[in-house]
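Chemist: Okay, handing you the structure first.
Readers should treat all values here as calculations from the given coordinates under stated rules, not as data from a laboratory. Predicted model, so just to flag it, every value in this text is computed and none were measured. For neighbour counting, all protein chains shown are included, and Cβ atoms are generated from backbone atoms with ideal geometry for every residue, glycine included.
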Amino acid sequence: MAKSTALNGHARLDEAIATLLQTQAAFVASQGDTNARIAGSEARQTESERLHLEYQRQHLENERQHSEETRRLYRRMDRIESQLVEVARILTDHSRQIEKLTEAVRERIGFRATP
């Protein structure tokens, strides 16, 4: 009976080792899958970071262009406002001249306004 127990113990040990080897093989196989998924995730993350940097670069370029265009438009508006002030001054001067001319013509032809 001692032999039978000893053989039975070895058989159980052999079974345990076989189960351990199978479990380890399954673990190694699943670890490969996990590593592949991690590598895929890292590749997607790297691409996302690259795209994010590209969007940031484009955003900064758009802001630079917008600022440049805004400065250009403000300079143009300042120039137009200066021209409008000059036009208003000229119109006022011409209005005075026309009024004086009208009075001079009236005096010349002898028309006098009644007081």
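Chemist: Could you work out the Rg to Rh ratio of the stretch 67-113, with Rh taken as the Kirkwood radius (inverse of the mean 1/r over all Cα pairs)?
Modeler: For the stretch 67-113, the value is 1.47.
Chemist: Looking at Thr102, Gly32, Leu53, which one has the Cα that reaches farthest to the positive end of the dipole of the chain (charges on Cβ: Lys, Arg +1; Asp, Glu -1)?
Modeler: After comparing all options, I get Thr102.
Chemist: What's the Cα-based Rg to Rh of the chain, Rh via Kirkwood?
Modeler: 1.94
Chemist: Given +1 on the Cβ of Lys and Arg, -1 on the Cβ of Asp and Glu, and no further charges, what dipole in debye does the chain carry about its Cα centre, rounded to the nearest 20?
Modeler: 620 debye
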